[in-house]
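Below is one structure, written out as structure tokens; the observations come after it.
Every read-out reported here was derived from the displayed coordinates using simple, explicitly stated rules and does not represent laboratory data. Because the structure is a prediction, the values reported are computed rather than measured. Neighbour counts run over all protein chains shown; Cβ positions are idealised from the backbone, glycine included.
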Amino acid sequence: MLCYNIIRSIPDSALDCLLMPAVNCELRTRVDPVEPKTFWINPYGVHFGLLKVSDMVRVDEQGKRVGGADQPINTAGFIIHSVLHQRRPDIHAACHVHSPCGRAWSTFGRGIDMLNQDSCMFYNDLSVYPAFGGVVFSNEEGHHIADALGPTNRNLIMQNHGLLTAGGTVAEAAAFFIALERACQTQLLVESAIAPGTRGGNAGIKKTLVDDVAAAYTKRGTGSPEAMYMQFKPEYEMILKESGGDFLE
Ligand SMILES: [Zn+2]
């Protein structure tokens, strides 16, 4: 149910989110602990704010329903992300949302600068998928995403599209997503402040970036799997309190 919490923590999200295998969304799925090649996924067309555990549908790697609620799912979207899971067995969860700042910064097809301590969570851990050819519902697109992510990175900016973050746990993927959305927001603010024609731009104000040594050191301390897990824990607890846990039914 952590995907639900991600959605709640990102206002005005466009919401195609995918978490796997612990929770996977085309919108949301979860690897079954008994049958690890099957996933739990949210039904198509149900608002995240209304989704409950009992609404979930269990599907195989091809997106075919094998259990859970008898509801339709977005099979094609699921298959794209199923490929990513097959290519990167270290990735147990991924989140993909068309969030406002990620979507805006993605139009530049660039990574983010090491602007501050929080940006350093993504030092040597962020890729860019520099293409968008329209909505492609195929295994091929899944392979393109996996190629862009590479063998070790867990975070991806998809040009003209949005963000995808991943991790060994749902909490890690979720914390990365929230942090990357905020990092994109910061990048947009900084770029706006020094854009040509602005007061900052006219004054010749320059960005000062964190150097490589400090960024690598900070990444180890704040962007490790353990650190990301701990960053998401209070977010989950807060949302659990706010919602009364009704989504657990
Ligand atoms: Zn998308």
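Things to note:
- Part-to-part distance (alpha-carbon centres) for the range 172-199 and the range 111-166, which is given in Å: 15 Å
- Residue order, fewest to most surrounding Cβ atoms within 10 angstrom, among Arg87, Arg103, Arg199: Arg199, Arg87, Arg103
- In a fully extended conformation the segment linking Asp70 and Glu191 would gain 38.8 nm over its present Cα-Cα distance, using 0.36 nm per residue.
- Gyration tensor (alpha-carbon) shape descriptor, the range 44-101, a/c threshold 1.5: oblate
- This ranking places Tyr44, Tyr236 by how few other beta-carbon atoms lie within 10 Å of each, fewest first, which gives Tyr44, Tyr236.
- Ratio of Rg to Rh over the range 70-195 (Cα coordinates, Kirkwood Rh, two decimals): 0.98
- Label point distance in nm, Val53-Leu209, each placed 7 Å from Cα along Cα→Cβ: 4.6 nm
- Segment Leu240-Ala104, extension gain: residue separation times 0.36 nm, minus the distance between their alpha carbons: 46.0 nm
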